[in-house]
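For reference, the structure discussed in these notes is given below.
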Amino acid sequence: MGKPVFTAGVFDGYSSASMLTAGTTCYNTMEDCFCSPDYDNWAVVDLQTSLPIRTVVITGPAFDDVEYFRNIVVRAGNIGNDTDPIIGTTPNINGSDYQQYTLAIASGSIRYIRLQYEANIAAICFCKLQAFL
């Protein structure tokens, strides 16, 4: 993908948000993935134009960070904020290391994909975001 990713910051010692769309598939430590700050816990991928995306696949973190991939709300739309429609939420349980979630978009075109722990209590951590036509 290689699309721009916007976020409020990065948790100290973790990779920048740009790695989420860089196509990276080699993660050796949990710090190889992106983690947001605790209370500014969002990331927005800008597809740079509105596209008929039908599937979004997100890859979660590993080891001690799997708890920061619970209850993450995924939105897709043309605004890029918390008013875009929700396309899914990650489960309220710890997944396995690098677990993938596939979310469907029924119709329409989108420009932005936003991930946020909307309860605003903790960081979010994940390793990759892919969008498919």
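The values are calculated or read from the model by the stated rules, or taken from the named source; none is laboratory data. Every value quoted in this text rests on a predicted model; they were computed, and no experiment measured them. Virtual Cβ from ideal backbone geometry, glycine too; neighbours counted across all protein chains shown.
Name the residues in segment 58-77 that are under 21 Å from residue 105 (Cα atoms) and among the hydrophobic types (A, V, I, L, M, F, W, C), would you?
We begin by selecting, within segment 58-77, every residue under 21 Å from residue 105 (Cα atoms); these are 58-60, 69-77.
The answer is 58, 69, 72, 73, 74, 76.
Of the residues 2, 95, 9, 23, only one is part of a loop (DSSP other than H, G, I, E, B), of a type in the set (Gly, Ala, Ser) and closer than 16 Å to residue 111 by Cβ; which?
Working: 95 fails: closer than 16 Å to residue 111 by Cβ; 9 fails: closer than 16 Å to residue 111 by Cβ; 23 fails: closer than 16 Å to residue 111 by Cβ.
Selected residue: 2, the only one of 2, 95, 9, 23 that is part of a loop (DSSP other than H, G, I, E, B), of a type in the set (Gly, Ala, Ser) and closer than 16 Å to residue 111 by Cβ.
Give just the number: which of (1) at positive phi; (2) within 14 Å of the chain's Cα centre (by Cα) does residue 33 not satisfy?
(1)
Taking segment 100-121 only, how many residues are surrounded by fewer than 18 Cβ atoms within 10 Å (Cβ to Cβ) and closer than 18 Å to residue 66 by Cβ?
Of the residues in that region, 4 qualify.
Quick one: how many residues across segment 35-89 are touching a helix residue (DSSP H, G or I) at 6+ places or on another chain (Cβ under 8 Å), at pLDDT 95 or above and more than 19 Å from residue 119 (Cα to Cα)?
Count: 1.
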